[in-house]
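The values are calculated or read from the model by the stated rules, or taken from the named source; none is laboratory data. Note that the structure is predicted; figures quoted are calculated from it, not measured. Note: ideal-geometry Cβ built from the backbone for every residue, glycine included; neighbour counts use all protein chains shown. All accessible areas refer to the heavy atoms of the entire protein, side chains included, with ligands and DNA or RNA removed. Shrake-Rupley method; radii C 1.70, N 1.55, O 1.52, S 1.80 Å.
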Amino acid sequence: MDFMEKLKIWKKKTDKECEGTPVVWFETSVSVCRRFQFEPHGQLSVKIVGDSRPLYHKIVDSFLNKFFPSGYPYSVNEGYLRYTQFRALQHTASAALSVLSTQSLLFAAGLRPTPAQATAVSWVLKDGMQHLGNLICSNLGARMDSEPKRWRILADVLYDIGTGFEVLSPLCPQLFLEMAGLGNFAKGMAVVASRATRLPIYSSFAKEGNLSDLFARGEAISTLFNVIGIGVGIQLASTVCASMQGKLVVGPLLSIIHIYSVTEEMKATPVNTLNPQRTAMVVADFLKAGNVSSPADLRYREDLLFPRKLIENAGNVRVGRALHKAIKPSKLLELKQVFPGEKFLLNGDRRCIDMVLEQDAIGVDALRGWLVAAYAVQADKSSHQLSSSTLLQAYEKMNEVFPVFLKELQCKGWHTDRFLDGSGSRFAF
């Protein structure tokens, strides 16, 4: 037997020994000892062999494992815990309010339901007008992408308005059909708007490509606290809210808690896509302090009621006007020569500059145009109409700083490959 044959036999023998011997190790972390083992077929098994944690910590960890994404808190962006806390409160208040409104509807229809009956029927009435609401909201999808937080709040306001119609229906039973129809119509639109904005909001927290995990755990939390809210609603309907006077007191309180909770949720959400408001805030901070703000830095500063308000420090830029309204035909060729090869055009004065984007413009193009407008306003604060020479100087200055500016933006987590301007008008030559 030569040396090579002996080497092969020894190698096969070693492989068989390795296959038969499992790899085992122990890890201890925060009073928990776990036994890890690689089985012969390669699967990893984990077993807790020692756990000296208090019962409270075990319950909390079990809850986090079931209702929070894997790897939390390192797998999500900043603000997820606060978002989840207020989301739980929002769903509890909303579900309780839904039970009370359904009970009121049945009273107005001449029935005398038990709280349990109101709970069962609420699922049917709540979804009754979704198809009509879907048709009406179908052409608002672009606006919801641009301002998901604003539309999410608006959805809950619509939902509470619809619930208000239902709660008040016993006061005018002769108008039962009208009140119930208006209530379900508003709630149907609210459901569509809420579902349409859900994905952009979840995407803002996905840090490691774990969007599906975030979505699944988030919906699990919603279901859990909806059930809790239904229980609270049943209890209220049986006691305090058995009378109309009780509903008139408790209903507005639940609505206030509901709207406050969803507002706090949205404030905690660090949306990382560029829209007109966030782009203006990023540019204003860059010109003022020389640094780039992250989505988490801007989340509490966003104006959720009036997002289209012009920001002076960012050039008072307005996006979305039609080309023929923003720029006179006689000036169009001149502006194209000022910005050769660019996918934006600027026109206006220091009080308001219109930026018109080409059809295929992305976030990078919008950022370039916004910086030019801001630099132009800084350079020429005396004259009303911005001259071509002023725009050209601003354009050259933008080209000097833009590579560093863009790199910082991307490092901070901003998506610069798209610009969500809602239903704004764009052009194509």
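Taking every protein chain into account, the accessible area of the stretch 206-274 amounts to 44 square angstrom per residue (probe 1.4 Å).
List residues of the stretch 73-111, by number, whose backbone nitrogen lies under 19 Å from a label position 7 Å along Cα→C-beta of Q174. Of the residues in the stretch 73-111, 107-111 have backbone N under 19 Å from the label point off Q174. The length gained on full extension between W25 and V404, counted as 0.36 nm times the residue separation minus their Cα-Cα distance, comes to 131.7 nm. Using C-alpha pairs under 8 Å with a sequence gap of at least 6, the mean separation divided by the residue count of the stretch 148-191 gives a relative contact order of 52 percent. Of the whole protein surface, D360 contributes about 90 Å² of accessible area at a 1.4 Å probe radius.
Across the stretch 368-375, computed HN-Hα scalar couplings (Karplus, 6.51 cos²θ - 1.76 cosθ + 1.60, θ = phi - 60°) run 4, x, 5, 5, 4, 4, 5, 5 Hz from first to last residue, x flagging Gly and Pro. These residues, K267, K247, K47, K288, go from largest to smallest accessible area, 1.4 Å probe, as K288, K47, K267, K247. Considering only Cα atoms, the convex hull volume of the stretch 160-298 works out to 141 Å³ per residue. The HN-Hα couplings worked out from phi for the stretch 229-241 by the Karplus form 6.51 cos²θ - 1.76 cosθ + 1.60 (θ = phi - 60°) are x, 4, x, 5, x, 4, 5, 5, 5, 7, 10, 4, 9 Hz, whole numbers, x standing for Gly and Pro. With every protein chain in place and a 1.4 angstrom probe, the accessible-area ranking of I234, I353, I48, I153, largest first, reads I48, I234, I153, I353.
R321 sits with roughly 80 Å² accessible to a 1.4 Å probe, with DNA, RNA and ligands left out of the calculation.
Less than 5 angstrom separates the built amide H of V317 from those of I311, I353, all sequence-distant by 5 or more or on a different chain. Heavy-atom accessible area for F286, with the other protein chains in place and a 1.4 Å probe, reaches approximately 30 Å².
In a simple Cβ point-charge model (Lys, Arg +1; Asp, Glu -1; nothing else charged), the stretch 258-347 has a dipole of about 500 debye relative to its Cα centre. Cross-link pairs exceeding 29 Å between alpha carbons, from the set K47/K267; K149/K288; K328/K407: K47/K267; K328/K407. Taking Cα centroids, how far is the stretch 301-361 from the stretch 209-266 in Å? Comparing the Cα centres of the stretch 301-361 and the stretch 209-266, I get a distance of 43 Å. Here's how it looks for E147: its modeled amide H is under 5 Å from none belonging to a residue 5 or more places away or on a different chain.
Legend: residues H91, H324, sorted from most to least accessible area (1.4 Å probe; ligands, DNA and RNA excluded), read H324, H91. Remark: the stretch 345-429 carries 45 Å² of accessible area per residue (probe radius 1.4 Å; ligands, DNA and RNA excluded).
Placing a label point 7 Å from the Cα of A379 along the Cα-to-Cβ line, the residues of the stretch 300-331 whose backbone N sits under 19 Å from it are 313-318.
The phi-based Karplus calculation (6.51 cos²θ - 1.76 cosθ + 1.60; θ = phi - 60°) puts the 3J(HN,Hα) values of the stretch 296-307 at 5, 5, 8, 4, 7, 9, 5, 8, 7, 8, 10, x Hz, whole numbers, x for Gly and Pro.
Amide H contacts for R426 (H built 1.01 Å from N in the peptide plane; partners 5 or more residues away or on another chain; cut-off under 5 Å): none found. Packing, taken as the mean count of other beta carbons within 10 Å per residue, orders the peptides 275-282, 419-426 from highest to lowest as 275-282, 419-426. The simple spin-label model puts a point 7 Å past each Cα toward its Cβ; for K288 and I48 those points are separated by 4.9 nm. Under the convention that each Lys and Arg Cβ holds +1 and each Asp and Glu Cβ holds -1, the size of the dipole of the stretch 207-322 around its Cα centre is about 380 debye.
Between P200, L158, A190, the Cα set farthest toward the positive side of the dipole of the stretch 155-207 (charges on each charged residue's Cβ, about the Cα centre) is that of P200.
Rounded to the nearest 0.05, the FRET efficiency derived from the C-beta distance between V240 and Y300 at R0 = 60 Å is 0.95.
The simple spin-label model puts a point 7 Å past each Cα toward its Cβ; for S423 and S389 those points are separated by 4.3 nm.
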